[in-house]
Structure formats: C-alpha cells, structure tokens
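Beneath this line is the structure, given in structure tokens, with notes to follow.
The values are calculated or read from the model by the stated rules, or taken from the named source; none is laboratory data. It should be emphasised that the depicted structure is a prediction, and the values quoted were computed from it without experimental measurement. Because the Cβ atoms are built from the backbone with ideal geometry, glycine has one as well, and the counts that use them run over all protein chains shown. Heavy atoms of the whole protein, side chains included, go into the accessibility calculation; ligands, DNA and RNA do not. Shrake-Rupley method; radii C 1.70, N 1.55, O 1.52, S 1.80 Å.
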Amino acid sequence: MPGTTLLIGTRKAFFIYRSDPARERWELSPPMLKGTSVYQSAVDTRRRPARILLAANHWAWGRSVARSDDGGQTWEQRSPGLGFPQDMGITIDNVWGITPGHPAQPGVVWAGTQPAGLFRSDDWGESWQPVDDLNRLPDRKFWHMTGGGQSALTAIELDPREPNRLYINIATGGCYCSEDGGKTWEPRWHTAIATTPEVREMFEKVAEMFPEMAEQFPAPEGVDPLAANEFHRLRLDPKNPDRLWGQAHVGVFRSDNGGRQWHDVTKGLPSFHGFPLAVTKQGRDAVFVVPLEMEADNFRVVNGQFAVYRTADAGATWERLTRGLPGPHDYQSVYRDAMDTDGIDPEGVFLGTTNGEVWYGREWGESWVRLPGTLPPILSVTAIPSDLL
C-alpha cells in the first residue's frame, strides 16, 4: 500500500509532506518558492514524470501557473498568454483554480483567476489562452466582489465520464456548467436556496440595515435572493459524478443531477458558515466540513473546540469529530482549499489551518494527529497516494 503525499500551499511558500506506507511517519520538505502564496495545487498524472502544478502568486514577481517535473526540486514559472485581452480592461490579481484536463484530452490544463476568468492550456501548462466564451458572458455583470476582493474563479471540476463536461465556481457569481468543452455555459446555482432560519434572519437584517445593497449587488432577474451565489468550495464526487457538493456562504448544499437542483443539507451543523469541504474518493461515502462562527463581529473561526463534521448519508445527518483535535480554547480557521482526502483505504482526511498546523484524520476522521512542523498560514492542501508522484 502506498503512503500519502501532501502538497501544502501557504501564504509564504510551498511544502510537501511524504509518509511511510502506514501513514505513521511523516517527512516535511524545506520551503519551496519562498515568498509565494500558493492558492491551489494539483498533480498531472497523465504524463511521466508526473507534473506538479501550482496556482502561484507573488506580490513582486507576479502570478503564474508554476510547474515542476522533478518532484519540486526545480520550477518553471513563466506562463505566456495567462492574461485577459486588453480590451476587457482587467488584469489578473491572483491565479486561483488549477486542474489537469480529462485523460482523453492530453495536454489540456485549466486555470481560474481573480478577477474571475477561465484559461486553457493545450501544452501541459506551458502557454495559455483565455476562454472568452466564459470570460465575456453577459452574466459577468453579476459577478460581484467577495470578502477577498474581486470575484474569483476558485474551482474547476471535471466529469470523469465526459471529457467535455466541466463545472466552474465563481465567488461571488455562482457555478456554471459547460457540456461542450467551454464553448457554452449554463448557470447551475439558481436552485441552491438557503432554508435555515438563521440565514433568513441574517438576510432580513442586512436588507434592513443596508437597503442600498440590492442596487449595488443585483442578481439575475427572477433569482431568489437567498440563492447561494457564493460557494466557498465546490466539489464533484468522483464516486458518483452526477453529485456535486457545495459549502456556501449560507450553508452546505448537495445536488444529485449536476447542479440542476440543489438541496440545503445544513441542518445538524452548528453554523451555516464555513469554507472547506472534502469528499471521499473511493469506497465509503463521506463528506467533511469545518463550520465557523458567523456573527456580526466577523470573527469567523472555530468556536473554541476545533471540530470537523462528517456526513455518511448524503447530508441527512452530521457527526461531530473532535478526538485528538485542539480545544477547548482553540480559535483557528480553515480556508476553502485547505482540506482533502487521499483516496487510500481506509481514507485519510487532511486539513491545514490558518495557524500553520496540518492535521491527519485517521479512519475517515475518527481520530486526529498533528503532523510535524508549524508552517505559514495554510491556503491549500492536496492529498494523493505517494505512488502517483
């Protein structure tokens, strides 16, 4: 059985953890790409050697899709073509989403940016072209600011059965699906309606306190204002590719038909708010979230006792997992891309915190151990079997 390799993106550098086959002993690499904020990472296993791809952002040296073919020893960061056409009048603040293409489309790599934009490479990430059919959608006028600045394309999910079907998520702007490789796009978020009383109360207070917001942040005609137009994390279930999961600003949602219809499954969680969401990749079906405090003071951390919540019945019920996790006086957060599962039976769950801690949940999260080291604030965690890299 292979061990696990973790790709860890932080605000200040990139790191790699590697475990023994039992996932008991862990080695941490030295920091790579120092000074770079790594929003997401991926491993392209369609080629040999496998290529590490990073959504790499440096305040001075710019933004790129960084690439390594030797396990992180050396890096290439030049990304020609990764930019909006001049006539659009916008420039890339950050590269965010990064996803290797379908196995039937060798060489294709997808990247998402902030402000929200989708880019495609046909040469393994060596050069890029904007996907104008998405970037120039009339809906763009509804892609609003987020708490982190401009709208951002944060997730690109591919249907493993259909090479030309892909889903993208825009915060704030909703999720879309293309059935033809990016030529046409259909919104798939309008039915994700929040039903929890706390969300409805929050929206009523906001409307009362800030009546001008409806004009400043308009929604498409006929769309319920409670629709979740900001999925903090969108995931496709590889075990059941018709199923999508979303951790939104206003709850956790599940779709069983590719986003055409969503169900609010927040009931049973201590908060409707949170950022990360992880789905098991094989075997036992489970989904994991980390609820955060959501109050007017904008605290947005775990409430003293760090807890992961798991559902094994499609969101009908949630279990609170705390064994080994810090608390009761622990106030951290987990960012949207900082939790993943490794696809090894029994599946391990991994998360990184804003305090630079990496935690491993054994046996689908039944018990947790902290991995060695304290890193800069962790932005992203990608877990893969070690034999893939």
Conditions: (1) farther than 17 Å from residue 312 by Cβ; (2) modelled with pLDDT under 95. Residue 253 meets all but one. Number of the miss? (2)
When residues of the range 233-256 are limited to those that are closer than 19 Å to residue 172 by Cα and assigned to a loop (DSSP other than H, G, I, E, B), the one most open to solvent (accessible area, probe 1.4 Å): 249
Residue check, residue 199 assigned to a loop (DSSP other than H, G, I, E, B), over 30 Å from residue 106 (Cβ atoms) and of a type outside the set (S, T, N, Q): no
Of all residues being small (Gly, Ala, Ser) and over 26 Å from residue 39 (Cβ atoms) in the range 257-299, which is surrounded by the fewest Cβ atoms within 10 Å (Cβ to Cβ)? Just the residue, please. 296
Do we find that residue 5 is among the β-branched types (Val, Ile, Thr), more than 26 Å from residue 343 (Cβ to Cβ) and either touching a strand residue (DSSP E or B) at 6+ places or on another chain (Cβ under 7 Å) or part of a strand (DSSP E or B) (or both) in this structure? no
